[in-house]
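Below is one structure, written out as structure tokens; the observations come after it.
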Amino acid sequence: MALIGLVVVLGLPGPRTIPPESAIGWIGFLVGVAGIIIGAWLLIRGVADLGRSLSPMPRPRRDGRLIDTGIYARLRHPIYAGMIVAAVGWSAFTGSLGALVATLLLAVFLDAKARREEAWLVERYHGYADYRRRSKRFLPGIY
């Protein structure tokens, strides 16, 4: 949560790395709006599809079940992906290099957290290793 807060705070009004009236500024605005919308959609879908298996802790719930349908059929961590995409969008929207650096730190942290979580998921669910082979962590078809 601290990294998310840092991304937001560093993107608040102040000195901008990219002038908003430049062509890059407008592209940043469009990428930013799209990133925030896509990020929010991934977060909402991820939470909705997890249902009762949702937990704020990285260890799987004892009463949870492996979810590999809905958005989870393509992405193993859509909530984390949504956070990263929204942070990239916010950084582009605000033209803040500081917010972009904080976004990179957030992505590295969430990737490490996802790796640890996946080790526990492999232990908990016998079908997780196969699910991991047929899906991507954050970006459909890429990573």
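The values are calculated or read from the model by the stated rules, or taken from the named source; none is laboratory data. Keep in mind that this is a model prediction, so the values were computed, not measured. Here the Cβ positions follow ideal geometry from the backbone for every residue, glycine too, while neighbour counts run over all protein chains shown. Calculation scope for accessible area: heavy atoms of the full protein, side chains included, ligands and nucleic acids excluded. Shrake-Rupley method; radii C 1.70, N 1.55, O 1.52, S 1.80 Å.
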When every residue in segment 126-143 that is of a type in the set (Gly, Ala, Ser) and open to solvent by less than 40 Å² (accessible area, probe 1.4 Å) is compared, the one nearest to residue 64 (Cα to Cα) is 127
When (1) part of a helix (DSSP H, G or I); (2) closer than 14 Å to residue 96 by Cα; (3) modelled with pLDDT of 80 or more are applied to residue 28, the one that fails is (3)
Every listed condition ((1) open to solvent by 30 Å² or more (accessible area, probe 1.4 Å); (2) modelled with pLDDT under 95) holds for residue 82 save (1)
Note on residue 123: of the conditions (1) without any contact (Cβ under 8 Å) to a residue 40 or more places away in the chain; (2) closer than 21 Å to residue 71 by Cα; (3) acidic (Asp, Glu), unmet is (2)
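Yes/no per residue for (1) aliphatic (A, V, I, L, M); (2) within 28 Å of residue 9 (Cα to Cα):
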| site | (1), (2) |
| --- | --- |
| 61 | no, no |
| 67 | yes, no |
| 73 | yes, no |
| 82 | no, yes |
| 85 | yes, yes |
| 104 | yes, yes |
| 113 | no, yes |
| 121 | yes, no |
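Would you be able to say whether some residue in segment 62-78 is without any contact (Cβ under 8 Å) to a residue 12 or more places away in the chain and out of contact with any Asp or Glu (no Cβ under 7 Å at 6 or more places or on another chain)?
Residues of segment 62-78 that are without any contact (Cβ under 8 Å) to a residue 12 or more places away in the chain, as a first pass: 62-63.
Those still in the list that are out of contact with any Asp or Glu (no Cβ under 7 Å at 6 or more places or on another chain) too: 62-63.
Within segment 62-78, one or more residues are without any contact (Cβ under 8 Å) to a residue 12 or more places away in the chain and out of contact with any Asp or Glu (no Cβ under 7 Å at 6 or more places or on another chain).
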Out of (1) within 15 Å of residue 50 (Cβ to Cβ); (2) over 14 Å from the mean Cα position of the chain (by Cα); (3) open to solvent by less than 10 Å² (accessible area, probe 1.4 Å), the one residue 99 does not meet is (1)
The one condition residue 94 fails out of (1) modelled with pLDDT under 90; (2) surrounded by fewer than 16 Cβ atoms within 10 Å (Cβ to Cβ) is (2)
_Tell me whether segment 44-59 contains one or more residues that are buried (at least 16 other Cβ atoms within 10 Å of the Cβ), out of contact with any Ser or Thr (no Cβ under 7 Å at 6 or more places or on another chain), in contact (Cβ under 8 Å) with a residue 40 or more places away in the chain and not basic (Lys, Arg)._
no
